[in-house]
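In what follows, a single structure is set out as structure tokens and then discussed.
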Amino acid sequence: MLCYCNTQFSMVRSSTLKHINRFLRKNRKWPLSPYKTKWHQTFSQEQALLTLKQAASTPPPPQQQKQDNLYQSRILSSLLHSFSLYNSNPTPNAYYFIIKTLTKTSQFCDINPILDHLELVENFQTPEYIFARLIKAYGDANKLHDAIEVFYRIPKFRCVPTVYSLNTLLSVLCRKNEGLKMVPHVLFQSQRMSVRLEESTFSVLINALCRIRRVYYAIEMLHCMKKDGFMIHTRMCSLIFQSLCAQNKSLATIDIMGFLEGLRKLGFCPVIGDYANLIRFLVESGRDLDALNVLTQMKSDGIKPDILCYTMVLSGVIANDNFVKADEVFDELLVLGLVPDVYTYNVYINGLCKQNNVEAGITLIRGMDGLGCKPNIITYNLVLEGLCKGGKLSRASELMTEMEMKGVGLNLLTYRIMINGLLSRGEIIEASCLLEKVLDKFSCLWSMNVDEVICGLCQRGMLCEALELIEKMADKNVYPGARVWKALLLSCGSNLSFTDTIFEDLVDPT
């Protein structure tokens, strides 16, 4: 029985093998070698790319470099050699690595052979990101014509150009005035290449128009987008609105409020930054009440104005001497729980000083420290100027001493305010002493009314003091004007020998 089973099994096995052999002979489909599978091909390409990277990072011997230059670039020969070692063909990633390496090292002269080989020898569909990278690199190197040429050649590399490469090229061209002139022709050619414009393309163009202050063209393009059915993004509207608000040369002719309403009809919802630009525009154009109405509009739109908005409105109403509104605005921001910063306090203190209420400004300064807002030099200079204009020179002098005790660094403007105040009251000697202090402390005498001080000394017969002051000025390479020399001559009278001695000492102090 056992022999019979073995015989039957052998017959079945023999019949199966004969059937398999007959099938293989008929169809000629042999089992694949494990070395020809997809994973092995991928592995070989990865190893070839790794070999290429190592070769690119290693400088060649001088003799080999000369031989490479006779036929083709070294990096191209490295590419072909690296993949031939693994019996594989170069991949798109390998070409991307080569182009990236060449652009990083600014070897642009070696790129054309690479592109020619990619176009004429290879047969795979080249990814578009390779050309986008190359276009950007050419743009960074200010090779705009080369960037345009690469874009036009994209179809030759078995690649369908899209808005991705077009936007990259437009971004490159829009950086420079030279490139802006090429944009219309590129757009025309892109239509012939069947590249469809998208919202992102219009965004690039609108950014460029706003940058070169062609805002009205950007507005026209926005209307074209709406007409053609493109989606209008909030960022585009915000950029155009911001650029329009920056058109300071034509403040009186811009209907900014009407333009904002037009943007609202397009679906634009302004945020706090847009309202801040609007308020700045209105304040700079002297429309303080309109700026005040914007605050009301913001609150009705559910947007809480920040301290910057209130500070700008406050400066607008104070600039137009609307001090009642200024008090209302300042009280309102406090009621809303906003914390004034040093800029807000400076604006409000300036309003107090314009009303000759300097003492209230001083009181507010002393309260700022308790509120956690330290006054700066601008704050003190505002009050100091108010005191000097009011003739309160002793009070101003006390404030300067207080500033020094608190560690507030006095700047040139501080001394100029004080010197002007002393000169306006005829305090020439005090002004001269303060000017000498400035000469010891600063190397530049920006608008310090030096001539007025020296002429005042000469008029009072204090010629020696005037000459000492001129000598100190000469050490700082600061020289008085013609009116000072005239005052010196008049002070000397008929004593010409004394005058000669003076000028000789000034010219040659040795």
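The values are calculated or read from the model by the stated rules, or taken from the named source; none is laboratory data. Fair warning: this is a prediction, and the values are worked out from it, not measured in the lab. All Cβ positions, glycine included, derive from the backbone under ideal geometry; neighbour counts span all protein chains shown.
Those residues that are over 12 Å from Ser171 (Cα atoms) and surrounded by fewer than 20 Cβ atoms within 10 Å (Cβ to Cβ), I need them from segment 200-218; list them, please.
Once the filter is applied, which keeps residues that are over 12 Å from Ser171 (Cα atoms) and surrounded by fewer than 20 Cβ atoms within 10 Å (Cβ to Cβ), segment 200-218 yields Arg211, Ile212, Arg213, Arg214, Tyr216, Tyr217.
Go through (1) of a type outside the set (S, T, N, Q); (2) assigned to a loop (DSSP other than H, G, I, E, B); (3) modelled with pLDDT under 80; (4) over 18 Å from Ile377 (Cα atoms) and name the single condition Trp446 misses.
So Trp446 meets the others, but not (4).
Return the residues of segment 100-119 that are of a type in the set (Ser, Thr, Tyr) and either crowded, with 18+ Cβ neighbours inside 10 Å or part of a helix (DSSP H, G or I) (or both); say none if nothing qualifies.
Thr101, Thr103
Quick one: which helices (runs of 4 or more DSSP H) lie wholly within segment 204-273 and hold at least 2 residues that are over 23 Å from the mean Cα position of the chain (by Cα)?
Hits in segment 204-273: 215-227, 256-265.
Cβ-Cβ under 6 Å, sequence separation 6+ or interchain: first residue in segment 478-499 and under 14 Å from Val450 (Cα atoms), partner assigned to a loop (DSSP other than H, G, I, E, B) and at pLDDT below 75. Which pairs?
Val478/Leu445
Going residue by residue through segment 138-146, is there one that turns out to be closer than 22 Å to Phe97 by Cβ and either buried (at least 20 other Cβ atoms within 10 Å of the Cβ) or in contact with a strand residue (DSSP E or B) (Cβ under 9 Å, 6 or more places away or on another chain) (or both)?
Yes - at least one qualifying residue is present in segment 138-146.
Name the pairs: first residue in segment 211-233 and under 15 Å from Lys265 (Cα atoms), second residue surrounded by 15 or more Cβ atoms within 10 Å (Cβ to Cβ) and not β-branched (Val, Ile, Thr), Cβ to Cβ under 6 Å, at least 6 apart or on different chains?
Taking only residues 6 or more apart or on different chains, the pairs are Met225/Phe202; Ile232/Met225.
With the structure loaded, tell me whether Leu435 is part of a helix (DSSP H, G or I), farther than 30 Å from Tyr343 by Cβ and either touching a residue at least 40 places away in the same chain (Cβ under 8 Å) or under 41 Å from the mean Cα position of the chain (by Cα) (or both) or whether it fails that test.
In short, yes.
Go through the residues of segment 159-167 one by one and say whether even a single one is under 30 Å from Ser57 (Cα atoms) and out of contact with any Leu (no Cβ under 8 Å at 6 or more places or on another chain).
Yes; the residues of segment 159-167 include at least one that is under 30 Å from Ser57 (Cα atoms) and out of contact with any Leu (no Cβ under 8 Å at 6 or more places or on another chain).
Give the residue, chosen from Phe83, Phe97, that is modelled with pLDDT of 80 or more, of a type in the set (Phe, Trp, Tyr), over 29 Å from Asn142 (Cα atoms) and not in a loop (DSSP other than H, G, I, E, B).
Phe83
When the residues of segment 160-183 are narrowed to those that are in a helix (DSSP H, G or I) and among the polar types (S, T, N, Q), which ends up modelled with the lowest pLDDT?
Within segment 160-183, the match that is modelled with the lowest pLDDT is Asn177.
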